[in-house]
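Visitor: This is the structure, below, for whatever I ask next.
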């Protein structure tokens, strides 16, 4: 899936995220040889791992934490649009049980 396809899909989400979060999400989305839900989930999990790697962090991590949550949420939304039968596998992927 191309970055342009993913960005177009994200731009169609309602409600629209606040501008700062929206731009942060757009910066995190890349071209992917896989499907959109997995890419969004992987990006969200990776971002959450970066936040968790900084236990001394404070408010400066808030945007990353919000973006991680949004990416994982959007991953489930995208998967539900594609095929609800894949939701359990996506949940395992997010939980680190299935890469």
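Visitor: Would you report the distance distribution of C-alpha pairs in the chain as whole percents per 5 angstrom bin, up to the bin with the largest distance?
Guide: Answer for the chain: a P(r) of 2, 13, 25, 24, 19, 11, 4, 1 percent.
Visitor: So what is the relative contact order for region 25-98, in percent, with contacts set as C-alpha pairs under 8 Å and at least six apart? Show your work: numbers first, answer last.
Guide: Details: 65 pairs, mean separation 27.1, N = 74.
Relative contact order of region 25-98: 37 percent.
Visitor: Could you compute the FRET efficiency for residue 50 and residue 14, with r as their C-beta to C-beta distance and R0 at 35 Å, rounded to 0.05?
Guide: 0.80
Visitor: Report, in whole Å, the centroid distance computed from the Cα atoms of region 4-29 and region 65-99.
Guide: 16
Visitor: Take the chain, connect every pair of alpha-carbon atoms lying under 10 Å apart with a spring to form a Gaussian network, then pick out the residue of 17, 55, 37 with the largest mean-square fluctuation.
Guide: Its mean-square fluctuation being the largest, the pick is 55.
Visitor: While we're looking at this one, here's another question. Where does each of 98, 53, 42 land when they are ranked from fewest to most other beta-carbon atoms within 10 angstrom? Show your work: numbers first, answer last.
Guide: Working: 98 11, 53 8, 42 18.
Listing 98, 53, 42 from fewest to most nearby Cβ atoms yields 53, 98, 42.
Visitor: Something else now. Using label points projected 7 Å from each Cα along Cα→Cβ, tell me how many nm separate residue 3 and residue 65, to one decimal.
Guide: Computed distance between label sites residue 3 and residue 65 equals 2.8 nm.
Every read-out reported here was derived from the displayed coordinates using simple, explicitly stated rules and does not represent laboratory data. Computed from a predicted model, the values in this text were never measured in an experiment. Cβ coordinates were reconstructed from backbone atoms using ideal geometry, including for glycine residues, and neighbour counts include every protein chain displayed.
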